[in-house]
Amino acid sequence: MIDEALTHTLFYVCDLRTKNYIYPMRSHNGMRPQDVVILLKMVTIEKEEWQYRDLSAELSISISEISESLNRSHLAGLVDERRRKVHRQSLMEFIEYGLHYVFPQAPGSMVTGIPTAHSHPYYKKLFPGAEMQYAWPAPDGNIRGLAIGPLHHGIINAVGHDKILYLLLASIDIIRVGRARECKEAKRQLKQIIL
């Protein structure tokens, strides 16, 4: 008899010929915000061989969290079997059609911080008339704007030395809080880099 608690955390594949349960499969408990950050960072890595500790150091995410995240992404079909290569088309589909439902964001109070969404320098040039500034809260930030919660606190340091990751994450924030015209441009920019 199968333990009842086990059935809540595992699904079983049944061999229809013998009616025997043959393979336990881990359930997928949903994506977490840091999963998106890790996948986007993987997209920006140019070298073939990298280690989990590389991602850990650059994103301020523990190695165990990196491992768990990549397992979730594998179950979701966003990375390959080795957890080294991002399925870019699948990631883009998730960002384009699911991200704003899974990780919605409502701007918070006025804070000092790092520009994000359409306040990012790239988008600031495209949308110069934008009235409201958006920022990830950071005491040493260079603007005042409405607070946008970063997908992971580690990105505050990571974007300082990875300009492509910074642009990708700011584009993600536009999808989370922007209007249709801004979202269209953010998706175009994301596709250009990811695909």
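Here are some notes:
- Members of the range 141-186 found to be under 15 Å from the mean Cα position of the chain (by Cα) and of a type in the set (Gly, Ala, Ser), listed by number: GLY149, GLY154, ALA158, ALA170, SER171, ALA186
- When ILE95, ILE66 are screened for being within 22 Å of HIS161 (Cβ to Cβ), touching a Leu at 6+ places or on another chain (Cβ under 7 Å), assigned to a helix (DSSP H, G or I) and not polar (S, T, N, Q), only ILE66 passes.
- Residue list for the range 161-188, filter: of a type outside the set (Asp, Glu), crowded, with 19+ Cβ neighbours inside 10 Å and touching a Ser or Thr at 6+ places or on another chain (Cβ under 6 Å): LEU165, ALA170, ALA186
- Within the set GLY145, GLY77, GLY141, GLY113, the sole residue that is assigned to a loop (DSSP other than H, G, I, E, B) and assigned by TED's automatic domain parsing to the domain that holds ARG188 turns out to be GLY141.
- The set of residues from the range 80-92 being among the basic types (Lys, Arg) and assigned to a loop (DSSP other than H, G, I, E, B) comprises ARG82, ARG83, ARG84, LYS85.
- Test: VAL102 is touching a residue at least 40 places away in the same chain (Cβ under 8 Å), crowded, with 18+ Cβ neighbours inside 10 Å and within 16 Å of LEU40 (Cβ to Cβ): no
The values are calculated or read from the model by the stated rules, or taken from the named source; none is laboratory data. Note that this is a predicted model, so its numbers are computed, not measured. Virtual Cβ from ideal backbone geometry, glycine too; neighbours counted across all protein chains shown.
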